[in-house]
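Engineer: Let me give you the structure first, and then I'll get to my questions.
The values are calculated or read from the model by the stated rules, or taken from the named source; none is laboratory data. Note that the coordinates shown come from a computational prediction; the quantities given were computed from them, not determined experimentally. Quick reminder, even Gly has a Cβ in these numbers, built from the backbone with ideal geometry, and neighbours come from all protein chains shown. Accessible surface areas use protein heavy atoms only, side chains included; no ligands, DNA or RNA. Shrake-Rupley method; radii C 1.70, N 1.55, O 1.52, S 1.80 Å.
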Amino acid sequence: MLNREPMKMWGGRFEGKLSPEAEAYSFSLQHDIRLWKQELQASAAHARMMGITGMLSAHEANRIVDALLEIHAEIEEGEWLPFDEYEDIHTAVEARLYEKIGALAGKLHTGRSRNDLVATEVRLWLRERTTDLARALFGLCSQLMQLAEQHKETLMPGLTHQQHAQPVTLGHHLMAHCWAFIRDLARLTQAGVRMNLCPLGAGALSGTTFPIDRELLAAELSFAAPTPNSMDAVSDRDFIAEYLFVGALLMVHLSRLAQELILWSAPEYGYVELSDEHTTGSSIMPQKKNPDIAELIRGRSALAIGNLTSILALLKGLPLTYNRDMQDDKPLLFATMDTVTPSVRLMSDMLAQARWNTERMRAALRGDFSTATELADYLVRKGVPFREAHQVVGQIVRECLQRGIALEDLDAETLQRHHPRFEADALEAIDPERAVRARTILGGTAPESVVKQIEQAKESLAEIEHQLNELLNPN
Ligand code: ARG
């Protein structure tokens, strides 16, 4: 006889039951309730397949599918919610199905296991969430490209070691961030493509003797193909680790940009003012305007990095095949996926609404020696070996520092005193506008090169969009 209380998918071989504490410790419904749509979707596909292969009569298959649709509506309308008494979402849904159609519900689990089911459902869930994240990333990239176009001629100091190095444009700088996000989008797409296989039919670990049509299941659920090895199918969590890596690296990229916005909005820089929508005041200091959202984005990267290291630690040393440890993959995955998309969207909005103080950026180049390289390059063009030119200009910088003047204050005679090849036109080399305009090399900071890379970025994005469409909207 079926044991109806408490509902479990197992129990026949047990005399006793889990202690309340062990039960609370092991139940996962509080996390995997988020897979309810995928549970219903995968179950309906399984039932339809059973109807087609003769494992169920057409009538039985239809009854199950209809009942699953009803459960869908019930959950959506809040009429029935899987509640705590159930071990996991799989158990909860099967119990509800039983209440609706009686013993027929018990036929649904033929030839399948929660092991292949959960691996399938997480993949479906991730595929769905990929759409939102990808959309947010496309939005961020187009925001960066738009700003880069606007600021392709806005000069600012380019830094290495946090020290003024050479002048660049704000547009070029923002595009540098954009390329990192384009790579994130590409990685997200590639992780999606690798993930897009259907584990159903793997059963608990070794496959099944029932006539399960794995090709049909994969097609029903819009996967590219069934997974090739039943043991790998229930052991593999690479796709979760990959998404957690994509998320962690994306958060690291956001964090680096956030850090710049935080610095740039400090009075010492004054390059940017973030909008009221993304800043907060102080409870004690009336003058304060704090870049909290940027700080939170920077901080949340810690969670994403932690989740990545957690999944790797969770999987390390697990023997094949399914082990219950793997249940704890979901809170990690959910937490990261919940964090990344709003972080990307907020970063986009923050950039869109920021007020850029281009005069402060330009002013920061005055007296900062960031065109010293130009002066050395000038000598190189006159036939002086670069090493010698570097030494000479180093001495010029030293003299300026001793005299408390800038490169801009030098005259032709002083330059000639340092090297006879300096002529009157050498002073023009010191001009940062000129230094930037001359960097027309592919990938350089000259406005025309920035325009070209924006075009190149658009092409890369279009290609990624095409691949994503094939993954997310097949047929
Ligand atoms: N809640 C489980 C998980 O998320 C589902 C699979 C359970 N399988 C099992 N044999 N207990 O991993």
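Engineer: Specify the inter-centroid distance of segment 209-242 and segment 401-475, based on alpha-carbon positions, in whole Å.
Structural biologist: What the calculation gives is 50 Å, centre to centre.
Engineer: Taking the Cα atoms of segment 1-128, what is the range of coordinates along each of the three principal axes, in descending order and whole Å?
Structural biologist: Its Cα atoms span 42, 37, 28 Å along the three principal axes.
Engineer: Right, next: List the longest stretch of the chain that has no exposed loop site; here a site is one of the GluC sites (Glu not before Pro) assigned by DSSP to anything other than H, G, I, E or B, with at most 10 other Cβ within 10 Å.
Structural biologist: With GluC sites (Glu not before Pro) excluded where exposed in loops, the chain gives 269-475 as its longest stretch.
Engineer: Where does helix 89-101 land angle-wise versus the long Cα axis of the chain, in degrees 0 to 90, nearest 10?
Structural biologist: Between helix and principal axis, roughly 40 degrees.
Engineer: Can you pull the one-decimal nm distance between simple spin-label points at ARG387 and GLU268, each 7 Å off the Cα toward Cβ?
Structural biologist: Modelled inter-label distance: 3.7 nm.
Engineer: If you find the alpha carbon centre of segment 342-395 and of segment 162-197, how far apart are they in angstrom?
Structural biologist: What the calculation gives is 21 Å, centre to centre.
Engineer: Kindly give the semi-axes, whole Å and largest first, of the ellipsoid equivalent to segment 325-440, taking each as the square root of 5 times a Cα gyration tensor eigenvalue. Let's see the in-between values first.
Structural biologist: Numbers: eigenvalues 470, 68, 35 Å².
Values for segment 325-440, descending: 48, 18, 13 Å.
Engineer: Give the cross-link partners of LYS107 among the lysines, using a straight C-alpha distance below 30 Å as the criterion and excluding same-chain residues fewer than 8 apart.
Structural biologist: LYS8, LYS17, LYS37, LYS330
Engineer: Per 20 Å bin, what is the whole-percent P(r) computed from every C-alpha pair distance within the chain?
Structural biologist: The calculated distribution, bin by bin, is 20, 39, 25, 12, 4, 0.
Engineer: Taking the Cβ-Cβ separation of GLU77 and LYS37 as r and a Förster radius of 22 Å, what is the calculated FRET efficiency to the nearest 0.05? Can you show the working numbers first?
Structural biologist: Details: r = 14 Å, r/R0 = 0.63.
For R0 = 22 Å, the calculated efficiency reads 0.95.
Engineer: With a ≥ b ≥ c taken as the square roots of the eigenvalues of the C-alpha gyration tensor of segment 257-351, please select rounded if a/c is under 1.5 and otherwise prolate if a/b is larger than b/c or oblate if it is not?
Structural biologist: Details: a/c = 3.32, a/b = 3.20, b/c = 1.04.
The shape class here is prolate.
Engineer: Can you figure out the FRET efficiency of ASN469 with ALA438, using R₀ = 41 Å and their beta-carbon distance, to the nearest 0.05? The partial results should precede the final answer.
Structural biologist: Numbers: r = 41 Å, r/R0 = 1.00.
Working from the Cβ atoms, E equals 0.50.
Engineer: Further question: Once the piece of chain linking ASN357 and GLN395 is laid out straight, how much longer is it, given 0.36 nm per residue of separation minus the C-alpha distance between them?
Structural biologist: On the way: separation 38, 0.36 × 38 = 13.68 nm, distance 3.38 nm.
Result for the pair: 10.3 nm of gain on full extension.
Engineer: Right, another one. For the chain, which whole percent of the accessible surface, found with a 1.4 angstrom probe, sits on carbon and sulfur atoms?
Structural biologist: The C+S portion of the solvent-accessible surface of the chain is 52 percent.
Engineer: Sum up the charges of everything whose Cβ sits under 10 Å from the Cβ of ASP238, counting Lys and Arg as +1 and Asp and Glu as -1, but leave ASP238 out.
Structural biologist: On the way: positive: ARG194, ARG237; negative: ASP232, ASP236, GLU242.
Neighbour charge sum, excluding ASP238 itself: -1.
Engineer: Which distance in nm do the two modelled labels at GLU408 and ALA224 give, with both placed 7 Å along the Cα-to-Cβ direction?
Structural biologist: Here the modelled spin labels are 5.6 nm apart.
Engineer: Want the number for ASP276 to PHE210: 0.36 nm per residue separation, take away the alpha-carbon distance, what's left?
Structural biologist: On the way: separation 66, 0.36 × 66 = 23.76 nm, distance 6.19 nm.
Full extension from ASP276 to PHE210 adds 17.6 nm.
Engineer: Heads up, I need the accessible area for LYS452: 1.4 angstrom probe, whole protein in place, Å², nearest 10.
Structural biologist: 120 Å²
Engineer: Here is a further query. Please give the length that would be gained between ASP338 and ARG194 if that part of the chain were fully extended, namely 0.36 nm times their separation in residues minus their C-alpha to C-alpha distance (nm, one decimal). Please report the intermediate quantities before stating the final value.
Structural biologist: Working: separation 144, 0.36 × 144 = 51.84 nm, distance 2.16 nm.
Taking 0.36 nm per residue and subtracting the Cα distance, the gain is 49.7 nm.
Engineer: Percent antiparallel among DSSP beta bridges with both residues in segment 77-231, to the nearest 5? Present the calculation step by step, with values, prior to reporting the outcome.
Structural biologist: Working: 6 of 8 bridges.
Antiparallel bridges make up about 75 percent of those DSSP assigns within segment 77-231.
Engineer: If N is the number of residues in segment 68-191, what value comes out of its Cα radius of gyration divided by 2.2 N^0.38 Å?
Structural biologist: Details: Rg = 25.1 Å, N = 124, 2.2 N^0.38 = 13.7 Å.
For segment 68-191, the normalised Cα radius of gyration is 1.83.
Engineer: When the helices in the chain are scored as -39500 (n - 2.57) per DSSP H run of 4 or longer and the sum is shared across all residues, what 222 nm value do you end up with, to the nearest 500 deg cm²/dmol? Write down the numbers at each step before the final one.
Structural biologist: Working: 18 runs with 286 residues, N = 475.
Mean residue ellipticity, 222 nm, calculated: -20000 deg cm²/dmol.
Engineer: OK, next. Tell me, what is the per residue accessible area of segment 215-320 in Å², probe radius 1.4 Å?
Structural biologist: Values: 5170 Å² over 106 residues.
So segment 215-320 comes to 49 Å² accessible per residue, rounded to a whole number.
Engineer: Select from segment 255-340 those trypsin sites (Lys or Arg not before Pro) which occupy a DSSP coil region and have at most 16 other Cβ atoms within 10 Å, ordered by residue number. It would help to have the intermediate numbers written out before the result.
Structural biologist: Numbers: sites: ARG256, LYS288, LYS289, ARG298, ARG300, LYS316, ARG324; in loops: LYS288, LYS289, LYS316.
Sparse-neighbourhood loop trypsin sites (Lys or Arg not before Pro): LYS288, LYS289, LYS316.
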